[in-house]
1. How large is the charge dipole for the chain, taken about the Cα centre, if only the Cβ atoms of Lys, Arg (+1) and Asp, Glu (-1) carry charge, to the nearest 20 debye?
2. Given the Cα-Cα distance of ILE74 and ALA3 and 0.36 nm per residue of separation, how much length would full extension add, in nm?
3. How much length would be gained if the chain were fully extended between VAL30 and ASP48, taking 0.36 nm per residue of separation minus their Cα-Cα distance, in nm to one decimal?
4. Ordered by residue, what ³J(HN,Hα) values in Hz, to whole numbers, does the stretch 22-33 give under the Karplus form 6.51 cos²θ - 1.76 cosθ + 1.60, where θ = phi - 60° and Gly and Pro are x?
5. What is the calculated FRET efficiency for THR56 to LYS11, with r their C-beta to C-beta distance and R₀ = 25 Å, to the nearest 0.05?
6. Quick one: what are the phi-derived ³J(HN,Hα) couplings along the stretch 60-71, Karplus 6.51/-1.76/1.60 with θ = phi - 60°, whole Hz, x for glycine and proline?
7. May I ask for the equivalent-ellipsoid semi-axes of the chain, computed as the square root of five times each C-alpha gyration tensor eigenvalue and listed largest first in whole Å?
Amino acid sequence: MEAIRRIVSVKNHSVTVILPDDFTADEVEVIILPVQNDEYRIPQWQIDQVRERTETYLKNPKNVTDIDDFLKEIEDDL
């Protein structure tokens, strides 16, 4: 399942959400919440990076690092 999160402006009591070209669902669930705090906005660069990593994983799910190996690499670098 792919979730898309957008913060959009309300104009004349309506909103428009542009979906990515590869989004193929025929039905979606829409939840409208007011933005409460700008501090918790996810930066666009971070959203892009997560999408890129997800695409890379989906193309080759066997080419991933095991979490234990990953944590050992970090530990070794300290």
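What follows is calculated from the coordinates using simple rules that are stated; it is not laboratory data. Keep in mind that this is a model prediction, so the values were computed, not measured. No Cβ is skipped: glycine too gets one built from the backbone with ideal geometry, and neighbour counts run over all protein chains shown.
1. Dipole magnitude for the chain comes out near 520 debye.
2. 22.6 nm
3. Values: separation 18, 0.36 × 18 = 6.48 nm, distance 2.18 nm.
Gain on extension, VAL30 to ASP48, equals 4.3 nm.
4. Going residue by residue, I get 8, 7, 10, 5, 8, 9, 9, 9, 10, 10, 9, 10 Hz, with x marking Gly and Pro.
5. Numbers: r = 36 Å, r/R0 = 1.45.
Calculated transfer efficiency: 0.10.
6. 8, x, 7, 9, 10, 8, 4, 4, 5, 5, 4, 5
7. On the way: eigenvalues 225, 71, 19 Å².
Equivalent ellipsoid of the chain: 34, 19, 10 Å, largest first.
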